[in-house]
Each structure stands twice: as structure tokens, then as C-alpha cells.
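First the structure, in the form of C-alpha cells, and then the observations on it.
Just so it is clear, none of the values below were taken in a lab; they were calculated from the coordinates. Source: prediction; values computed, not measured. Reconstructed Cβ throughout: ideal geometry from the backbone, glycine too, with neighbour counts over all protein chains shown.
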Amino acid sequence: MEIEIQLTDRAIAETILPPGQPGAVGAWLEFRGVVRSEENGRTIRALEYEAYPEMAGREIRRLLQKISARHPCRAAKVIHRVGVIPAGETAIYVGVASPHRGEAIALLAEFMDRLKQDVPIWKRRAIADGARLCAEHQPQRPSNVQAAAAGSATTAALRSLDEARAEIRSRSRPLPAVRASLAEALGRVLRETICAPEDLPPVDRSTRDGYAIHADDASKTFSVVDTIHAADWKPRQLKTGEAVRVATGAALPCKGLRVVMQEHVERDGDKLHVVRRENSTNVRLRSEEVRQGQPLVSAGTKLHAGALAILATVGNVNPLVSPRLRILHFTTGDEIVPPDKTPKPGQIRDSNSILIRGLLQNFPCDVEQGHLPEDFERAKSAISNQQSAIGNADVLLVSGGASVGEKDFTRALLEQLGFGIVFSQINLRPGRPLIFGVNGSRVAFGLPGNPLSHFVCFHFAVATALAGLTGGQPPKFFRGQLAEKLDDKPYPRETLWPARWEWRVGQTFLSASSGDFPVACADNANTGQECPANQQTGMSALHLLAWASSGDITCLAAANALIRVPANCAGLSNGAKVDFLPLAAMIGGGL
Ligand code: AMP
Ligand code: MG
């Protein structure tokens, strides 16, 4: 069968030359699918379609060939429009020529039925009535549709890094909270603010092993009238000249006492002689740390060991927290072999599986990992055996196949699984072919297979979604200074450049391991907050790591930050102020 396929961002002409040799055909069948002005009960102005032209063209051809084996026709012509298509205009034209009408009608019907399912052309969004069509999406005047499938389709303008982050944040909504034991709650996000149920400490307590006496009792010699251990509760009023033996942490018997350290007394039976009085009363007063009702740990806090210790102190043993996430991760690519195998020429060891597993350590979750065959049909059937795991997953990650190569089917696969694609490329280096999709409360990412892109996309995109789903704080950019100059050719996309972040005080670099650096003092790029003591106390210093391609991996040995290098930036001087993303998972802290 003679086949002609076109994808175009222009209006499809009113009259199209029918396919097939005139005279050799008995039926010319033409079909136009037109954009309706109503969708799901609301009036719309246009629909926006997006496609990978090469892949869409190839799949249309394959589909037509398959169907024509059952319904032989002479010729078929398909023109699919992409970009913004105003209501009332043609989204798809199909012309079929055959000796008799039966085959043509059957071929057309089957083709249209299967088009949506099998061909990677996506309805990206409906544009509401009254919305303005932006300049680049203004409908084009009808043309004679010369463009061939390859290269003629437009995709929507690429998302910037900030747009992509904002979109991920707005679409990754907090999953319902659950109650968990303290041990289970480690690393989860607290979803209620915990307030002090009573004063802390609840009573005056001794901070020393010694003797409690009235704070203003000037006697030199005292009678020891009782002993109070840490576990005792023995309220009594002390008289002048009376002392009580107390242990560290013991609840004092009444108000207004001080504790003389045992090192500062001489004891003879029940008699006590005070040798020295310190200025300190050695008493932790009731409520001196916190008053009843004051907030202790705020909702949105990632529960680290310290926060859990506070909850234990106040007896909150079942806090309301984010659920443990269920994450499903598939690698793709027939070239991938497990790390313990020796790759044959053309093969490559799978590093993304362990990378993802390691990065997810920072988020309490159950991770299941698998591999999908490179052929779309085989991948679909592999997936269909895992429907329940997929249906239960809060997050689906697919490594590789996110771009526009012949075998890159990740987007089509996510569509097949019911995910609406929010974007499929971003204006970023490395990591341009990043796909983000949503299906109800579930999110999916198609991550570019190259290890460095993987690393970058995880940190700014996946980590943002995980924060959203758990109700936590998304990754934040801070301000820092380059520790050396950046020589780069101007690049048209914004770059997230792998770096080593350290804390510099004068000429000394402190390692940015958790606890070493005063995070509060790093300028916060999100709020514009400047560290007031920057000059005196130090500065975030960023060492640029060498990398040449998104296929690089060795810079990950040292990377604990990503620096934002603006698009078309021809280089930055030593000491230039830059925005950077500290990588909590690489530092070990819960930033
Ligand atoms: P793709 O995104 O599928 O086009 O893959 C881009 C590059 O990443 C190719 O060179 C792949 O071999 C490589 N790649 C894909 N998956 C992995 C993986 N799991 N581990 C290491 N490299 C990978
Ligand atoms: Mg691949």
C-alpha cells in the first residue's frame, strides 16, 4: 500500500489531493477529525497536541501496514496537526483509496480506533474559552501542507527549570497522613504541629548530685532530713536549717530551693556543713524550657532523630505523619546489563538502579525495581503483568527511553498507563528529555537514561514531587560563591552544574558534611535572605566539578551540590555569586 504521512503545525487545507492512482481505485474515502468546542461539559477554545514527529510518523506507518494486511487498500494519506488547534478546525485528515469501498471503510475505522492507543501523539491540554492563545501558538493560515513528518511538528515551548519545578509542586499534592510509631516515623514528614502537653520541665529538678536547701537559707550547718532519688516524688516544705539529699534529675520537694553540690559540703552523719556556695542554684526550673501549649515541632518537619526525641519526651508515640511512599522504578534499554555482569561490546552496566535506590534512602519508601524490554509491544505486555504493582505505586519512575530515539517509548508507556503528560522536555542541561505525568494523586517521571541527567533530574524534579506527596519542604536553592572561575561556551539552555560545596571561613574550607556548616547562614536564593554575618563567619564556597557530557558519571564521587548557570552564560568569575541546590541525599542531612 502506498502511504503518505505528514505532521504539521499548520491548518489542514480544505481540499486535499486524494491518494492513489486515479482510475485504479473505486473508492476514495476521506475523514476529518475536528476539534469540538466542548470538552467535559465546558466550552473550550482550542486543544493543544504534542508529538515526537519521527516516532509518531513511524507508528502511523506501522499501524496502517498492519491493518492493510487484513483490509488491503491501494493508498492512504494521514495528516495530523499538532500544536494549538482552534475549535472547529481539523486535527486529523485520513484519506484512503481502494478498489472497493468495503476495505477502505474497514481500514479507516480500525485505524481511527487504534490511533489514540498506539501512536505517540498527545492531547496536552484544552485551552478554555476566553483564554488567550500565546503568539507562538496562534493558528496558522491554511497551507498546502508540504511539511513531511520528520521535523515538521512543533512541541510546546520548553519549560524552564522554575516552571517545571512549580508545575511539579502544584501537581504533587500531600497524600493522606497516617499514624506511625516513633521508630517508623524516622524520616517522615510530620503532618500535625506537636505542642507541649505540660510545662518542660514539669517540676523544678536538680541538675547536680548534692543537697537541696532554701535558696536564701544562710545557715552554715544543716540537718539532712530525707533522700530523694531521680525516680522519687516526695513533696515537703523545708524549714530553715533543713537539707535534703538529691540526685541529678531528682524532683525537688518544694519551690524556692537551691542545690549545693556534694563536692562543696562536709557531711557527718545527719549533719551537713556547707563549705562553698556557688552563684548557680543548680536547679532546672519548672517551664524554664517550654510552657504548656507552646509548639515543639511544627507540621512539615522532616522527623529526624532530634525531633523524634522531643516527641518521645512528651509521650507523643503515634504522631500523624506522611505515609511510606510506594515507588516503582523501571530501567529500559536492551543494552543494560546488571552491574555484576561483564558487558559485551555495545552493552552497558546498569548504574541507574542503584543510584535511584541510594537517593531514595533519604525518603522513607518501599522501592520495587524492574527492567522493561526495549520493544514497546513487549514492554506493554510486561507492564500488563504488573498492573497491581503499578496501580498501587504512588510514584512511577522510568529510566531511559525518554527522548525521541526510535525506541524511546517511555512517554507512550506512561500514557498507556493513564498518566496525563504535563511536560516532556525542559530547557535544561543536562536533563532536557524529562517527562512528568500525573494520574490522580500519582506521579510519574520518565528520566533521561544518562547517569548525570538522572542524578540532576532526581534532585530537582523527583525530590520536589516526593516533598509534595509527603507534605515536606521542596529542595531549595541557596546563594554561594564560586571557589574558582567557570570557563564555559555560551549554551542556550540553563545548566545545573555538578559541584562540591564547602564552607569557607577566611581561606579555610570546612567540609559540608552534616553539622559542619551553618546552613542558616547560607544566603537563601528563594527568599533573597542574606546572611548578616557572611563576611565574618564564612561563605558557601562551590568548587566546579569537571564534566563534559550527560553520560559522565565520575563527577558524582564528589558532587554534593548543583549550581545554576544561566542560559547563554559565557563564564563566571572566581567569587561570583551563584544559586545552588545543596543535595541533602549526598550530604546526609535533612535539609
Ligand atoms: P536513553 O535515555 O534511553 O536514550 O539512554 C541514554 C543513555 O543512557 C544511553 O547511553 C544508555 O545506555 C544510558 N542508560 C540508560 N539506562 C541506563 C542505566 N540504567 N544505567 C546506566 N546507563 C543507562
Ligand atoms: Mg534507551
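Just so you know, the Rg over Rh for the chain is 1.17, from Cα atoms, with Rh as the Kirkwood radius. Report note on the peptides 335-345, 382-392, 239-249: ranked by the mean count of other C-beta atoms within 10 Å, highest first, their order is 239-249, 382-392, 335-345. Along its first, second and third principal axes, ordered by size, the range 174-327 spans 69, 25, 23 Å in Cα coordinates.
Among 158-165, 433-440, 215-222, the peptide with the highest mean count of other Cβ atoms within 10 Å heads the list, and the full ranking is 433-440, 158-165, 215-222. Partner lysines whose Cα lies under 17 Å from the Cα of K255, excluding those fewer than 8 positions away in the same chain, are identified as K234, K239. Note on K485, K77: ascending count of other Cβ atoms within 10 Å places them as K485, K77, the fewest first. Using only side-chain charges placed at the Cβ, +1 for Lys and Arg and -1 for Asp and Glu, the dipole size of the chain relative to its Cα centre rounds to 500 debye.
Averaging over every viewing direction, what projected area does the convex hull of the Cα atoms of the range 205-284 cover, in nm²?
Quarter of the Cα hull surface area: 4.4 nm².
From helices alone, the chain scores -5500 deg cm²/dmol at 222 nm; the rule is -39500 (n - 2.57) for each run of n ≥ 4 DSSP H residues, then divide by the residue total.
Roughly how many debye, to the nearest 20, is the charge dipole of the range 24-118 about its Cα centre, given +1 on each Lys and Arg Cβ, -1 on each Asp and Glu Cβ, and no other charges?
On the way: 15 positive and 12 negative charges, 52 e Å.
Charge dipole of the range 24-118: 260 debye, to the nearest 20.
Highest mean packing first, where packing is the average number of other Cβ atoms within 10 Å per residue, the peptides 259-268, 405-414 line up as 405-414, 259-268.
Here each label is just a point 7 Å from Cα along the line to Cβ, and for T43 and S549 those points are 5.5 nm apart. Straight-distance candidates among the aspartates and glutamates for linking to K302, with alpha-carbon spacing under 17 Å and chain neighbours fewer than 8 residues away dropped: E184, E192.
Counting other Cβ atoms within 10 Å as a rough exposure proxy, the listed residues S441, S353 run S441, S353 from fewest neighbours to most. Taking label positions 7 Å along the Cα-Cβ direction at both E192 and R357, the computed distance is 3.6 nm, reported to one decimal.
Normalised by the residues of the chain, what does the relative contact order come to in percent, with Cα pairs under 8 Å and at least six apart?
Values: 1329 pairs, mean separation 72.3, N = 591.
Relative CO of the chain lands at 12 percent.
Put the Cα centre of the range 410-475 next to the Cα centre of the range 37-52 and the gap is 24 Å.
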